[in-house]
Amino acid sequence: MMELSCRTLGLDCDYVAKGENMDELMKNGLEHTKTAHPEKYEEMMKMTEEEKQKMMAEMQTKVAKV
Ligand SMILES: [Zn+2]
């Protein structure tokens, strides 16, 4: 199981995204971002492919394996 909390990403929020793998984790995290942090979601949607990849790589270093 993999976990990534909003707090780890610098957000003042207690949500922890969980998933069996990176794909599932990202899917759950994105779903939460869309509803709970729409401004962040909008920011992400405006990113270029390059910026997105950079963000994903950074996120992967913050994922906790439990
Ligand atoms: Zn959150």
Fill in: Residue list for segment 44-66, restricted to those being in a loop (DSSP other than H, G, I, E, B) and either surrounded by 12 or more Cβ atoms within 10 Å (Cβ to Cβ) or basic (Lys, Arg) (or both)
LYS46, MET47, VAL63
Worksheet item: Residues GLU39, GLU3: which one is assigned to a helix (DSSP H, G or I), of a type outside the set (Phe, Trp, Tyr) and out of contact with any helix residue (DSSP H, G or I) (no Cβ under 7 Å at 6 or more places or on another chain)?
Response: GLU39
Item to complete: Hey, can you tell me all the residues within segment 8-36 that are polar (S, T, N, Q) and out of contact with any helix residue (DSSP H, G or I) (no Cβ under 9 Å at 6 or more places or on another chain)?
Response: ASN21, ASN28
Response to the item:
Checked TYR41, TYR15 against criteria (surrounded by 11 or more Cβ atoms within 10 Å (Cβ to Cβ), of a type in the set (Phe, Trp, Tyr) and more than 9 Å from the ligand (Cβ to nearest atom)); the one match is TYR41
Worksheet item: Which residues, taken from segment 18-29, are among the acidic types (Asp, Glu) and either surrounded by 10 or more Cβ atoms within 10 Å (Cβ to Cβ) or part of a helix (DSSP H, G or I) (or both)?
Response: ASP23, GLU24
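Any read-out appearing in this document is the output of simple, stated calculations on the displayed coordinates, not a laboratory observation. From a predicted model like this one, the values you see are computed outputs, not experimental measurements. Counting neighbours? That spans all protein chains shown, and the Cβs are built from the backbone with ideal geometry, glycine included.
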